[in-house]
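Chemist: Shown below is the structure under consideration.
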Amino acid sequence: MAAITTDQLNDLVEQVRPWLGSGAVSNYLPELSRARNEELAVAVDLGDDGVITAGDRHANFTLQSVVKVFTLLLALHRHGGDYVFERVGCDQALGSYNSLESFIRGSGVPVNPFVNAGALVIVDMLPGDSPNARVAHVLNFIRALANNPAIFVDIETARSELMLADQNRALAYYLRGHHFVSTEVEDLLWAYCQMCAIKVDVVDLAAAGRMLSERSDIRVLDQALDGCHLRLVRRLMLSTGMYEASGHYACEVGIPAKCGVSGAMMGVVRHQKGIGIYGPTLDESGNSIGGLRLMRLLSKVLDVD
């Protein structure tokens with residue numbers, strides 16, 4: 001794989017900055033609406049060769065839908081692929097990520113674990129006898145992957161998410177009414193909202209991405225994560241990680257990645273490399289404009305095929 005330097009990464013950020021004005025930051029939560037359009041940060045974790053960063057490297061932000069990568073991996077570890085994929089699909093979404101369209105097609109189960117309906121089913125699979133116990137399980141896992149015990153849940157953002165969760169609440173009641181989930185709706189939503197509100201920076205995302213790039217089993221928190229599950233998650237990131245734009249992204253970029261409406265984006269690169277990006281200006285699909293353009297440029301510099 002081709003190398004990349006700090007100077008090259010700084011140059012890529014400057015190439016992308018002019019495009020940030022073509023979108024807008026998410027305004028559905030007060031906390032997200034405070035982000036600045038011009039913010040852009042990237043980190044590339046090169047493993048033994050260290051981490052390089054560019055842009056607003058010290059910006060902190062919530063994971064939002066990027067957390068779905070970690071909850072899926074934990075569900076696979078606990079239950080195995082057969083159990084998980086009897087309850088969620090692995091197809092590309094056609095409608096909005098929080099729409100009823102996302103699970104009434106075809107088999108009737110949520111189309112994949114990265115739309116909100118699928119993510120709620122996955123959260124229902126996680127261990128813990130309370131919302132906070134389930135959140136602690138996910139939080140500790142992310143801290144271990146990123147090697148950062150200071151990662152935390154932004155409770156104010158989580159509370160805002162819960163107050164404005166009408167669409168997810170509708171999804172959850174539908175899922176519970178059709179026996180896709182067994183957790184009480186408000187408990188399920190509070191766990192999910194807290195998970196989405198886990199706060200990180202681009203270095204954390206890059207470190208986690210590097211761990212997920214492994215081709216064999218890895219040990220996290222004294223448990224072995226199956227290399228087959230890591231591969232499965234990477235494939236789903238590539239095919240469904242950008243919602244309805246996933247097919248175009250897969251053909252044009254080719255780096256398994258997952259986005260979130262905060263502007264968070266995590267990429268997993270072959271040969272044990274990880275990418276973390278923060279660019280809160282979003283396109284019409286809810287994907288980071290800066291993130292998508294940086295990933296496109298990085299795929300060329302890193303010689304991703």
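Chemist: Please specify each residue of the range 234-247 satisfying the condition of being out of contact with any Pro (no Cβ under 8 Å at 6 or more places or on another chain) and either within 18 Å of Leu205 (Cα to Cα) or at pLDDT below 90 (or both).
Modeler: Met242, Tyr243, Glu244, Ala245, Ser246, Gly247
Chemist: Could you list all residues from the range 185-231 that are in a helix (DSSP H, G or I), over 15 Å from the mean Cα position of the chain (by Cα), crowded, with 16+ Cβ neighbours inside 10 Å and of a type in the set (A, V, I, L, M, F, W, C)?
Modeler: Val185, Leu188, Leu189, Trp190, Ala191
Chemist: Right, something else. Can you pull out every residue in the range 165-180 that is among the hydrophobic types (A, V, I, L, M, F, W, C) and surrounded by fewer than 23 Cβ atoms within 10 Å (Cβ to Cβ)? Give the steps one after another, and end with the answer.
Modeler: Initially, the range 165-180 is screened for residues among the hydrophobic types (A, V, I, L, M, F, W, C), giving 165, 170-172, 175, 180.
Correct list: Ala165, Ala170, Phe180.
Chemist: Which one of these is assigned to a loop (DSSP other than H, G, I, E, B), within 12 Å of the chain's Cα centre (by Cα) and hydrophobic (A, V, I, L, M, F, W, C): Val268, Val261?
Modeler: Among Val268, Val261, only Val261 is assigned to a loop (DSSP other than H, G, I, E, B), within 12 Å of the chain's Cα centre (by Cα) and hydrophobic (A, V, I, L, M, F, W, C).
Chemist: If a residue must be free of Cβ contacts under 8 Å to residues at least 40 places away in the same chain and farther than 14 Å from Arg87 by Cβ, how many such residues does the range 167-188 contain?
Modeler: Result for the range 167-188: 6.
Okay, residues lined up against (1) crowded, with 22+ Cβ neighbours inside 10 Å; (2) not in a helix (DSSP H, G or I):
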| residue | (1), (2) |
| --- | --- |
| Ile4 | no, yes |
| Trp19 | no, no |
| Glu31 | no, no |
| Leu73 | yes, no |
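Chemist: Show the residue pairs meeting these rules: Cβ distance below 6 Å; 6+ apart or different chains; first residue within the range 252-267 and touching a residue at least 40 places away in the same chain (Cβ under 8 Å) and aromatic (Phe, Trp, Tyr); second residue surrounded by fewer than 24 Cβ atoms within 10 Å (Cβ to Cβ) and in a loop (DSSP other than H, G, I, E, B).
Modeler: As it stands, the answer is none, since no pair meets every condition given.
Chemist: Still on this model: Kindly establish whether Gly247 is assigned to a helix (DSSP H, G or I), touching a Ser or Thr at 6+ places or on another chain (Cβ under 9 Å) and over 29 Å from Cys193 (Cβ atoms).
Modeler: On the way: assigned to a helix (DSSP H, G or I): yes; touching a Ser or Thr at 6+ places or on another chain (Cβ under 9 Å): yes; over 29 Å from Cys193 (Cβ atoms): yes.
For Gly247, the condition - assigned to a helix (DSSP H, G or I), touching a Ser or Thr at 6+ places or on another chain (Cβ under 9 Å) and over 29 Å from Cys193 (Cβ atoms) - is met.
The values are calculated or read from the model by the stated rules, or taken from the named source; none is laboratory data. Source: prediction; values computed, not measured. Neighbour counts run over all protein chains shown; Cβ positions are idealised from the backbone, glycine included.
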